[in-house]
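Data first, discussion second: the structure below is written as structure tokens.
Every read-out reported here was derived from the displayed coordinates using simple, explicitly stated rules and does not represent laboratory data. Bear in mind the structure is a predicted one, so any value in this text is a computation, not a measurement. In this analysis, Cβ positions are derived from the backbone assuming ideal geometry, glycine residues included, and neighbour counts consider all displayed protein chains.
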Amino acid sequence: MSLAIAHFAVGAACTGVALTLLPRIPFQRTLVVLGGIWAVIPDAWRFLPASAGGYAHDFHATAWANLFWFHNVLDRADVGDSHATGVVLLGGLLCVTAAAEYRDYRTPEPVREALPEAVSEDH
């Protein structure tokens, strides 16, 4: 099983890549954080009462948990809760964030956003 921060980093990074590839979507930073939270949901069995936790723990061990940004795959790959793996995945999240920010700031403003100001100044 992998550390929760590793799951969060993978989910946030995957969401960041998906949003970078898609057209303009508002609230991208919020969606990146929600993508990280989405990746940790299969570990909710740790915080649920024992009556509900059993079902959630069973779900955690299935392939369906991979819908939460490859949760089961990451748990099987990092069996020892390695801190080094968590640090590497957080570094990957930082790289994805930097690349997305760079792309966002390098994209020129659309001409139609500058046009209304020029038209209103002429009249």
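Structure data summary
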item	result
Packing rank of 57-63, 99-105, where each peptide gets the mean count of other beta carbons within 10 Å, highest leading	57-63, 99-105
Karplus-derived 3J(HN,Hα), 6.51/-1.76/1.60, for each residue of region 55-71, Hz, glycine and proline x	5, 5, 5, 4, 5, 4, 8, 8, 5, 5, 5, 5, 5, 9, 6, 6, 4
C-alpha center-to-center spacing [region 72-91, region 1-70] in angstrom	14 Å
